[in-house]
């Protein structure tokens, strides 16, 4: 899955945020009183942490498995989900997306 697709899944399917698409970028409204901001959780670690904070699951761990491999574990609805990526932000986003897929019955 390319970064843009993963960002879209996090924005729409996982966090249900109000968004506007501008080419390859997404602008979202993180808070009601706030203006829309550029949001790239799969590419920006700060945005990935914001996504994790807004997600209705609990963070367990983020581990570096090798120089280019990261693993993130979260728990949602009593089920542990793991995500992997070449960056910490990709690992966090893939764990969130996998947790949502589990609840929705997708594989």
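Touching a strand residue (DSSP E or B) at 6+ places or on another chain (Cβ under 7 Å) and under 13 Å from residue 94 (Cα atoms): which single residue out of 52, 6, 30 fits that description?
Values: 6 fails: touching a strand residue (DSSP E or B) at 6+ places or on another chain (Cβ under 7 Å); 30 fails: under 13 Å from residue 94 (Cα atoms).
The match here is 52.
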> Quick one: residue 103 ticks every box in (1) at pLDDT below 95; (2) out of contact with any strand residue (DSSP E or B) (no Cβ under 9 Å at 6 or more places or on another chain) bar one, so which box is it?
Replying inline: (2)
> Across the stretch 86-103, which residue is surrounded by the most Cβ atoms within 10 Å (Cβ to Cβ) among those that are part of a helix (DSSP H, G or I) and without any contact (Cβ under 8 Å) to a residue 40 or more places away in the chain?
Replying inline: 95
> Any residue in the stretch 75-85 that is assigned to a loop (DSSP other than H, G, I, E, B) and modelled with pLDDT of 95 or more?
Replying inline: no
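Can you confirm whether residue 89 is under 15 Å from residue 6 (Cβ atoms) and out of contact with any helix residue (DSSP H, G or I) (no Cβ under 6 Å at 6 or more places or on another chain)?
Numbers: under 15 Å from residue 6 (Cβ atoms): yes; out of contact with any helix residue (DSSP H, G or I) (no Cβ under 6 Å at 6 or more places or on another chain): no.
Here the answer is no, as residue 89 does not meet what is asked.
The values are calculated or read from the model by the stated rules, or taken from the named source; none is laboratory data. From a predicted model like this one, the values you see are computed outputs, not experimental measurements. Note that we place each Cβ from the backbone using ideal geometry, even for glycine, and neighbour counts take in every protein chain shown.
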